[in-house]
1. Taking only C-alpha pairs under 8 Å that are 6+ residues apart, what is the relative contact order of the range 2-155 in percent?
2. From zero up to wherever the largest Cα-Cα distance of the chain sits, split into 20 Å bins and tell me the percent of pairs in each.
3. For the chain, find the longest principal axis of its Cα atoms and tell me its angle to the long axis of helix 215-249, 0 to 90°, nearest 10.
4. Would you mind putting 284-291, 19-26 in packing order, based on average other-beta-carbon counts within 10 Å, highest first?
5. Along the Cα→Cβ direction, 7 angstrom out, place labels at residue 83 and residue 229. What is the inter-label distance in nm?
6. For the chain, find the longest principal axis of its Cα atoms and tell me its angle to the long axis of helix 61-80, 0 to 90°, nearest 10.
7. Expressed as a fraction of 2.2 N^0.38 Å, the rule-of-thumb size for a compact globular protein of N residues, what is the C-alpha radius of gyration of the range 2-155?
8. Given labels modelled 7 Å from the Cα in the Cβ direction, how far is it in nm from residue 112 to residue 20?
Ligand SMILES: [Zn+2]
């Protein structure tokens, strides 16, 4: 099994210089290969580029290899699923700066509370969690606000046996609250993004008014990216706590397999489109967290088909009430068995039952 970690690192001035050089070389190789590919030239390897551009030899060669792999993967994804993946694009200096390298028999390791990286040496790291397993790959990233992070992917023997689920919970996706559970819990999702939006708009205005190459612009850019970062981090923190608790409390979790990309495109009237709410509440991130955290404990996540009529069926007797296609119907009474339903809790209960059926089948 694989496990991912992310830690903040604090490179010194010299190491920052090496990182900058590596980011630049990786971007160069990636863009060069992309333009060669687009011009339908014969494919080239990083090794061949090194003949022509000597300075590429100065950085971690695995970083260049990984750039090539990433580009390959981007084309592969595009070919297999053109709806989901856009055309591979050129990397700009402004995007996140990053590179990946691999551990080859200890070339990447934790040593004296620091992390050793090829060509860079020992870098100060804030290890807030213990790393389990063998380090496979690491990705070094520099954010637009000038912070450095290392993402570590490890591999370890899974000793966890799948458990026989007894306690199930179903989650009905909710645009406003993130989800409503079959137990009647509402996630009460804080709207970080919208709350921070006022401040964002103010800084953004300042930014666009600033002179294109002025010294002030750079400062405002850093402030802007810090606001974004803060929102993202708080959201992640909220989702981590929520997913951990749900995973600990239940043996299996059932959700709808939603196509959020398609939903986000669907505009509705009023001040906000669906798009903003959906991208804000992080359902995608949340469900991925549930999936891997369940897996760690030998538990499972059931994905119910998106066409399953979870909001129409009576969770007591299976009667199908098409009146509930109207989204304004919040509560209803089953004409067949007389059960009183809250729209969302009933849907979540159906998702729970359908998930249990899938898992136990
Ligand atoms: Zn009924």
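Laboratory data are not the source of any read-out in this text; all were calculated from the coordinates shown. For clarity, every value in this text was computed on a predicted model and none was experimentally measured. Cβ sites come from the backbone with ideal geometry, for glycine too, and all protein chains shown count toward neighbours.
1. Contact order relative to length: 33 percent.
2. 22, 51, 25, 3
3. 40 degrees
4. Ranked from most to least packed, the peptides come out as 19-26, 284-291.
5. 3.8 nm
6. Tilt of helix 61-80: around 40 degrees.
7. 1.08
8. With each label point 7 Å from Cα toward Cβ, the separation is 2.6 nm.
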